[in-house]
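Each remark here refers to the structure printed beneath this line.
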Amino acid sequence: MKAAEFKKLDGLDLAQLLAEKKTTPHELMQASIELAKEFDKALNFLCHEQFEESLEIAKSWEQRGAFRGIPFLLKDSGLASRRFPSHVGSVLFKDSTYAVDSHLAERFDKAGFISYARTTVPELCMAPTTEATVYGKVTKNPWDLTRSSGGSSGGAAVAVATGVVPVAHGSDGGGSIRIPAACCGIYGFKASRGVVPMGPLRGEGWGGLAVDGVLSRTVRDTAAAMDEIAGFAPGSPYAAPHFSRSFMDAVQPGARRKLRIGVWRETFGGVTIDPEVSVALEKTVQLCKDLGHEIIDLSIPEFDYASYIKAHTNVLASNIVNSVETKLAATGRTLSKSDLEQAIYTGYEHGKTLSARDYIEAINTFHLVGRLMSGWMQSIDILMTPALCKLPAKLGELSMNRDFWDLRKKVGQYSCFMAIINASGQPAASLPTYWTAEGLPVATQIIGHFGNDDLVLQLSAEIESTNQWRPFHYEYQG
């Protein structure tokens, strides 16, 4: 298969060609690697490449799962894989290796994904941009090379947006799937807490904020992937919600029904919304009206957003301390300022000042958000908000070259509708429904009740079917 044809097809299209013996896993891997080499030169989204080994694996691959044997990329987030080391975006953690595969890596393999590299992230995955110094390069937005691809799954979003792979691994602890999806104009879905297991090396991430998943260009690819990777793993601290239907069933045209969709147009804490973001939201609202859904305008609830930013910051800082000191103990060395970027180093220093009570108060704040969101959404099926509050950030605006508190405040103003959904554990998706006259993507977010992941996917697929999403025929104009 030619690379030009490969990048126009989604994952299930490619899997169908494999099933019909019209191509092979090896041919698909060759095409994907060709594109990866071409686009990575300008956009800088790959790391830990295993091209030759992966081509050999593809040659002898036995087709299985929904995707049968298509190329895939793992995020450089520290997801345990014996094949791929990880930097986790950090000099201190550079080339960390793993003795076991994570449950998720095993499930990706069984789904028919052949991983051949990792994708870039910010240091410890703690920024909404991907500019980590460990890679010696910043990851650029494919639609505007002066702007960020988002983060922390920024490299994954670029790979999907350019057609290098149709689906890629991502994770989301404060918007890290949805933010880069919004920046790069692709589909980003965050599952409910507990749907995708994190073991066996850990049970949760960031006090229950973080979840794993995928980014894709089509909703059906995400639905098929979620069907393959979802489900409780013994020993997990959170039980997976029970779903009465498969995610692929949920995205079929016959599954659609009239929904009550609430809309938030205001922001927490008086955060300013870019006019183009408001235009994108209104266009999506009108689209849902045209589809027959009931739209309910909702005032944003009373909520101490500053207290949430504090809680989120304290939990992240606590995790920095735990990760750094575990690494130092394992290597028998002391920490140098050059080991960490400025924001993470100052986050480490802040974390060391926190007490057990500070951490417990932060977790209690997260749980409070979950109860509040459940109450706020009782009268509706889906909540719709802007995705980001602003257009994709310019490179440098949200980098780690600043104090940790300063970074967290800036993040709170950039993506105020996203991280609260990590606290509540609800499913949410970033939909690429609008593009500016300059060719920048602007996304809208939809949020479901906890455990209603299938309904979020259902509405996503219905909106996608209106052909408001831009065709993904990326050509780099360098």
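Taking segment 102-173 and the strands (runs of 3 or more DSSP E) fully enclosed by it, the elements with 1 or more residues that are within 20 Å of residue 228 (Cα to Cα) and not acidic (Asp, Glu) are at 113-119, 167-172. Selection within segment 1-41: residues that are within 22 Å of residue 118 (Cα to Cα) and among the acidic types (Asp, Glu). The member of this set that is surrounded by the fewest Cβ atoms within 10 Å (Cβ to Cβ) is 38.
Conditions (1) touching a Gly at 6+ places or on another chain (Cβ under 6 Å); (2) under 30 Å from residue 64 (Cβ atoms), marked per residue:
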| residue | (1), (2) |
| --- | --- |
| 105 | no, yes |
| 113 | no, yes |
| 132 | yes, no |
| 135 | no, no |
| 144 | no, no |
| 149 | no, no |
| 156 | yes, yes |
| 167 | yes, yes |
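Does segment 322-344 contain at least one residue that is surrounded by fewer than 24 Cβ atoms within 10 Å (Cβ to Cβ), farther than 30 Å from residue 134 by Cβ and of a type outside the set (Asp, Glu)? The answer is no; no qualifying residue exists. Summed over segment 237-279, residues that are closer than 26 Å to residue 439 by Cβ and small (Gly, Ala, Ser) total 1.
Residue 231 meets the conditions (1) assigned to a loop (DSSP other than H, G, I, E, B); (2) surrounded by fewer than 24 Cβ atoms within 10 Å (Cβ to Cβ); (3) on the phi < 0 side of the Ramachandran plot; (4) in contact (Cβ under 8 Å) with a residue 24 or more places away in the chain in every case but one. The failed one is (3). Is there a residue being surrounded by fewer than 18 Cβ atoms within 10 Å (Cβ to Cβ), of a type in the set (A, V, I, L, M, F, W, C), more than 19 Å from the chain's Cα centre (by Cα) and modelled with pLDDT of 95 or more anywhere in segment 128-137? Scanning segment 128-137, I find no residue that is surrounded by fewer than 18 Cβ atoms within 10 Å (Cβ to Cβ), of a type in the set (A, V, I, L, M, F, W, C), more than 19 Å from the chain's Cα centre (by Cα) and modelled with pLDDT of 95 or more, so the answer is no.
If we scan segment 63-74, do we find a residue that is touching a residue at least 12 places away in the same chain (Cβ under 8 Å), closer than 30 Å to residue 388 by Cβ, buried (at least 23 other Cβ atoms within 10 Å of the Cβ) and among the β-branched types (Val, Ile, Thr)? Yes, segment 63-74 has at least one match.
Confirm whether residue 162 is over 15 Å from the mean Cα position of the chain (by Cα) and either surrounded by 24 or more Cβ atoms within 10 Å (Cβ to Cβ) or within 30 Å of residue 411 (Cα to Cα) (or both). The answer is yes for residue 162. The residue of segment 375-410 that is surrounded by the most Cβ atoms within 10 Å (Cβ to Cβ), among those that are in contact (Cβ under 8 Å) with a residue 24 or more places away in the chain, over 23 Å from residue 134 (Cβ atoms) and polar (S, T, N, Q), is 385.
Considering only residues that are touching a residue at least 12 places away in the same chain (Cβ under 8 Å) and basic (Lys, Arg), which ones fall in segment 340-367? The one that is touching a residue at least 12 places away in the same chain (Cβ under 8 Å) and basic (Lys, Arg): 352.
Considering segment 350-374 alone, what residues qualify as being more than 26 Å from the chain's Cα centre (by Cα) and either over 26 Å from residue 306 (Cα atoms) or loosely packed, with under 14 Cβ neighbours inside 10 Å (or both)?
352, 353, 355, 356, 357, 360
The values are calculated or read from the model by the stated rules, or taken from the named source; none is laboratory data. On a predicted model such as this, the values are computed, not experimentally measured, just so you know. Glycine also receives a Cβ, built like all others from the backbone with ideal geometry; neighbour counts cover every protein chain displayed.
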